[in-house]
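Following: one structure in structure tokens, then a few remarks.
Just so it is clear, none of the values below were taken in a lab; they were calculated from the coordinates. What you see is a predicted model; the values in this text were computed from it and never measured. Heads up, the Cβs are rebuilt from the backbone with ideal geometry, glycines too, and the neighbour counts pull from every protein chain shown.
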Amino acid sequence: DRIVFIGCTSNPFGESVDTKELLAAFDEKVWISTPDFGTRIILWRSFMEEKGVPSQVTTSGSLNLTSLAHLSEGYTTRSIKQAVDRVLSNRRLSRLKQRPLTLHEFLEPLSRCHYSWKEEYKKFQEFDYEASGDKARNLQMQEETKKLEASAEAEKGDKKKK
């Protein structure tokens, strides 16, 4: 039998985390970043349609998904889902025909959700650089390049002596 362990953290670089132990605990590591612009449009649309908002509301009408996607840059998929869930209560859904959805309804609920600040994003990138093995591979390649360059220089020096 094969067993798969999946670990998930939003703070792999925290003070209480031993990064070396964390990296050693898993053979495979995947970092999932915040969604890009196109993905955010799809997320907003699909989460709203899941709640019962007709597709014509999300594709045309008073709700501009492009603006929502721009405003939600730096927010996680979960944050976008939470904002949709907070706005689209059963009562609000029943009143869609009388009062169409607007961008402003989503701003306050979204502002109460987790946001990935640029400093945090940079820490995640640095962690991923190490966790993925890219850092070790790049250091190894730099060392090999230095050795090859030194060897080439030594050969040039030997040829000049002859």
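Could you tell me whether any residue of the stretch 83-94 is out of contact with any Leu (no Cβ under 9 Å at 6 or more places or on another chain), touching a residue at least 40 places away in the same chain (Cβ under 8 Å), more than 28 Å from residue 56 (Cα to Cα) and not polar (S, T, N, Q)? I'd like the intermediate steps shown before the answer.
Step one: filter the stretch 83-94 for residues out of contact with any Leu (no Cβ under 9 Å at 6 or more places or on another chain), giving 85, 89-91, 93-94.
Narrowing further to those that are touching a residue at least 40 places away in the same chain (Cβ under 8 Å): 93.
Imposing the further condition that a residue be more than 28 Å from residue 56 (Cα to Cα) reduces the set to none.
The answer is no, given that none of the residues of the stretch 83-94 is out of contact with any Leu (no Cβ under 9 Å at 6 or more places or on another chain), touching a residue at least 40 places away in the same chain (Cβ under 8 Å), more than 28 Å from residue 56 (Cα to Cα) and not polar (S, T, N, Q).
Just to be sure before I move on: is residue 58 of a type outside the set (Asp, Glu) and in contact with a Phe, Trp or Tyr (Cβ under 8 Å, 6 or more places away or on another chain) in the structure I sent? If you could, list the steps in order and put the result at the bottom.
On the way: of a type outside the set (Asp, Glu): yes; in contact with a Phe, Trp or Tyr (Cβ under 8 Å, 6 or more places away or on another chain): yes.
Spelling it out, residue 58 is indeed of a type outside the set (Asp, Glu) and in contact with a Phe, Trp or Tyr (Cβ under 8 Å, 6 or more places away or on another chain).
Just need a number here: residues in the stretch 95-131 that are touching a helix residue (DSSP H, G or I) at 6+ places or on another chain (Cβ under 8 Å), free of Cβ contacts under 8 Å to residues at least 24 places away in the same chain and more than 20 Å from residue 11 (Cβ to Cβ).
Residues flagged as touching a helix residue (DSSP H, G or I) at 6+ places or on another chain (Cβ under 8 Å), free of Cβ contacts under 8 Å to residues at least 24 places away in the same chain and more than 20 Å from residue 11 (Cβ to Cβ) within the stretch 95-131 amount to 1.
As an exercise: evaluate residue 102 against (1) under 30 Å from residue 47 (Cα atoms); (2) among the hydroxyl-bearing types (Ser, Thr, Tyr); (3) under 20 Å from the mean Cα position of the chain (by Cα) and give the number of the one condition it does not meet.
Checking residue 102 against (1) under 30 Å from residue 47 (Cα atoms); (2) among the hydroxyl-bearing types (Ser, Thr, Tyr); (3) under 20 Å from the mean Cα position of the chain (by Cα), the one that fails is (3).
Every residue in the stretch 30-64 that is assigned to a loop (DSSP other than H, G, I, E, B), within 18 Å of the chain's Cα centre (by Cα) and of a type outside the set (Ser, Thr, Tyr), please. Write out each step before concluding.
Step one: filter the stretch 30-64 for residues assigned to a loop (DSSP other than H, G, I, E, B), giving 30-36, 51-54, 60-64.
With within 18 Å of the chain's Cα centre (by Cα) added as a condition, the list becomes 30-36.
Listed by number, the residues that qualify are 30, 31, 32, 35, 36.
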